[in-house]
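Written out below as structure tokens is the structure these notes cover.
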Amino acid sequence: MKTLDLVNYGPVIPVIVIDKVEDAVPMAEALLEGGIKVLEVTLRTACAMEAMDRIIKHLPEAIVGAGTVRTKEDASAVKSIGCKFAVSPGYTSEIGKHCLDIGLPLLPGVSTGSEVMMANNDGYYFLKLFPAVAVGGINLLKGFAGPFSDVKFCPTGGVTVQSASDFLSLPNVPVCGGTWLTPKDLVANKNWVEITKLAKEASAIQRL
């Protein structure tokens, strides 16, 4: 699989933070029921690895990837449990080349033209703009379209259900990353029905 293949499964990739491992499978089930098949679980909590392991084992139809992959060790660890892809918040050639070596598709994070060029130099042309809104959002992506006409971006960070269509209307944005699908309050209250509703809403987002 190539990371660009992920865009075939819908307009939004949820960026998920799991604080309690017992929430992992029911949360994933709720997202799948809402039409979200690609799940990015971030390595921001102590239980993230176990949470991904449970989802992978219990829900083989889900395409599980690991977010916040910052080191070669992170990449090797998530590959070993069966993650289909990795997402990094920034980019270094070390992690980019390591992911190529171990056969782990990587969606590298960038926020500047120099980082885009570094990633391109290592063979990466589908990149995550992060934190998208903070570094310029739609205007930056429009600016990148000229010199980087062969590069596609997944803006993540500050994107909302309201602004996603605006991002997706850009020719260099085939998919967005979003944290709004799994709000902390809904997860804390185990309100999986509402998360399914958010997933259905995200799945239905159209380009403007």
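Here are a few things to note about the model shown:
Here is a yes/no grid of residues against (1) open to solvent by 50 Å² or more (accessible area, probe 1.4 Å); (2) farther than 16 Å from LEU31 by Cβ; (3) part of a loop (DSSP other than H, G, I, E, B):
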residue: LYS128; (1), (2), (3): no, yes, no
residue: ALA132; (1), (2), (3): no, yes, yes
residue: GLY158; (1), (2), (3): yes, yes, yes
residue: GLN162; (1), (2), (3): yes, yes, yes
residue: PHE167; (1), (2), (3): no, yes, no
residue: ASN172; (1), (2), (3): no, yes, yes
residue: LYS190; (1), (2), (3): yes, no, yes
residue: LEU208; (1), (2), (3): yes, yes, yes
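- Residue count, region 78-126 (criterion: in a helix (DSSP H, G or I), under 18 Å from LYS2 (Cα atoms) and among the acidic types (Asp, Glu)): 1
- Count of residues meeting criterion [open to solvent by 30 Å² or more (accessible area, probe 1.4 Å) and touching a Ser or Thr at 6+ places or on another chain (Cβ under 9 Å)] in region 38-67: 2
- Residue match in region 20-28 (condition: within 18 Å of the chain's Cα centre (by Cα) and open to solvent by 40 Å² or more (accessible area, probe 1.4 Å)): no
- Candidate set from region 134-156 (those that are among the β-branched types (Val, Ile, Thr) and open to solvent by less than 20 Å² (accessible area, probe 1.4 Å)); member that is farthest from LEU4 (Cα to Cα): THR156
The values are calculated or read from the model by the stated rules, or taken from the named source; none is laboratory data. Values in this document were obtained by computation on a predicted structure and should not be read as measured data. With ideal geometry, Cβ positions are generated from the backbone for all residues, glycine too; neighbour counts draw on all protein chains shown. Heavy atoms of the whole protein, side chains included, go into the accessibility calculation; ligands, DNA and RNA do not. Shrake-Rupley method; radii C 1.70, N 1.55, O 1.52, S 1.80 Å.
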